[in-house]
Amino acid sequence: MTEPKPTPAKLKRRQLLAAGAALPLFSIVTRRADAAEFELKYATGQDPTHPVNLRAKEAHDRIREATSGRVNIKLFPANQLGSDTDLLAQVRNGSVEFFNLSSLILSTFVPVSGITSVGFAFKGYDDVWKAMDGDLGNHIRAEIAKTPIFTVSRIWDNGFRHVTSSGREIKSAADLKGFKVRVPPAPPLTSLFKALDAAPSPINFNEVYTALQTKVVEGQENPLAIISTARLYEVQKTCSLTGHVWDGYWVLGNKRAFQKLPPDVQQVITREIDKSAIDQRADVARLSSSLVAELKAKGVGFIDVQQEDFRNKLASTGFYGEWKSKYGAAPWDLLEKVSGKLG
């Protein structure tokens, strides 16, 4: 295959390099006029086509424009820089400046983050945004800010999670008994499925497809947008619309790296990522209403379930009491202000 013809920009760069090579050794090389003053990394675990990446890219473009090219944020989707747990370590130490992470997985570092995914706590999105844009969200953000990282914007939407299977049909809580289900490496979901008598297996997201394909696990649970963009429909036959938990993405930043930026740049970054959070929420809402039909066309069978059956099973265990004691009375009260009494 022939090499593509150099563009004028490449030719100019080559000419400059050639001219530079002919200069005396003591000559000074200046920074390119179009180079950004601040080069930053923004990592995600999702496929490039997922709304979190499409909207993040738009935010990055607006940030570059609003700062007249001073800030260039490079997007690294699909776990290109490591697994979610690897990337959480990288944003903590500053080798990655920004990282969007599920509140569930963040709970391994900031435990109260997992309270957003207490089983069957939210009945719908009105409850979710009332809690997360209100007192409960503010409490979680304050707890995250006690660490080397912070939340750059309001929380983004990962969606309500549903159970898929390669064989067994999950119609009731009883059908989960012994079911080998992949969960993210997050204690709240492991605990939830254990309470429902399933056999949860924590696996990083970048290994999920293979684990399903090789039957290491029978099923998994994720929002419809993830099931679609990660092509999990290729290795799963049914999807039970359990809506067992809601999960969101926090855009996390390294505090030390962010504080080195000029205040005006900080404001632009926060403003534009926050705007994209709102846009992404609307994207997921639209997708949720269309993805059932799209996934059916790809061969996935859908099963409607009675959530009350699952909720009653949880209430018959010590699940809610256990997590109330772990999270503490204060955040639990903030959750129940929206969800109503749990347990």
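The values are calculated or read from the model by the stated rules, or taken from the named source; none is laboratory data. Not measured: the values here are computed from a predicted model. Glycine also receives a Cβ, built like all others from the backbone with ideal geometry; neighbour counts cover every protein chain displayed. The protein model used for the area step is the full one, side chains on, heavy atoms only, and it has no ligands, DNA or RNA in it. Shrake-Rupley method; radii C 1.70, N 1.55, O 1.52, S 1.80 Å.
Take 83-96, 322-335 and order them by the average number of nearby Cβ atoms within 10 Å per residue, most first; the result is 83-96, 322-335. Here the accessible area of the chain is 54 percent carbon and sulfur, with a 1.4 angstrom probe and all protein chains present.
When peptides 294-305, 119-130 are ranked by their average number of other Cβ atoms within 10 Å per residue, the highest-first order is 119-130, 294-305. Skipping prolines and chain starts, which residues have an amide H placed within reach, meaning under 5 Å, of the one on residue 43, given they are 5 or more residues away or on another chain? Under 5 Å from the amide H of residue 43: 76, 98, 99, 100. Checked against a 29 Å cut-off, the cross-linked pairs 130/324; 298/337; 74/146 give Cα-Cα distances beyond that limit for 298/337.
The charge dipole of the chain, taken about its Cα centre with unit charges on the Cβ of Lys, Arg, Asp and Glu (plus for the first two, minus for the last two), comes to roughly 860 debye.
Straight-line reach from residue 296: taking Cα to Cα under 15 Å and skipping same-chain neighbours fewer than 8 places apart, the aspartates and glutamates in range are 234, 304. Averaging 1/r over every pair of different alpha carbons in segment 288-339 and inverting the result gives a Kirkwood radius of 14.1 Å.
Using only protein heavy atoms and a 1.4 Å probe, report how much of residue 65 is accessible, in Å² to the nearest 10. Rounded to the nearest 10, that gives 150 Å². For the peptides 242-252, 46-56, the ranking by packing is 242-252, 46-56, with the highest mean count of neighbouring Cβ atoms within 10 Å listed first.
Here the calculated FRET efficiency for residue 214 and residue 145, from their Cβ-Cβ distance with R0 = 41 Å, stands at 0.50, rounded to the nearest 0.05.
Solvent-accessible surface of the chain, averaged per residue with a 1.4 angstrom probe and all protein chains in place: 46 square angstrom. Shape class of segment 253-343 from the alpha-carbon gyration tensor: oblate, with a/c at 1.5 or above and b/c at least as large as a/b. Normalising the average separation of contacting C-alpha pairs (under 8 angstrom, six or more residues apart) by the number of residues puts the relative contact order of segment 219-304 at 62 percent. Remark: the residue 296-residue 169 segment gains 44.2 nm on full extension, using 0.36 nm per residue and subtracting the alpha carbon distance. Here the calculated FRET efficiency for residue 285 and residue 35, from their Cβ-Cβ distance with R0 = 41 Å, stands at 0.55, rounded to the nearest 0.05. Consider the candidate values (i) 0.95; (ii) 1.13; (iii) 1.18; state which one is Cα Rg over 2.2 N^0.38 Å computed from the structure displayed. Computed from the coordinates, Cα Rg over 2.2 N^0.38 Å corresponds to (ii).
FRET efficiency for residue 304 and residue 275, Cβ-Cβ distance as r, R0 = 35 Å, nearest 0.05? The computed FRET efficiency comes out at 0.50. Shown in residue order for segment 251-258 are the 3J(HN,Hα) couplings computed by the Karplus curve 6.51 cos²θ - 1.76 cosθ + 1.60 at θ = phi - 60°: 7, 9, x, 7, 4, 5, 5, 5 Hz (x for Gly and Pro). DSSP finds beta bridges in the chain, and of those with both partners inside it, around 50 percent are antiparallel.
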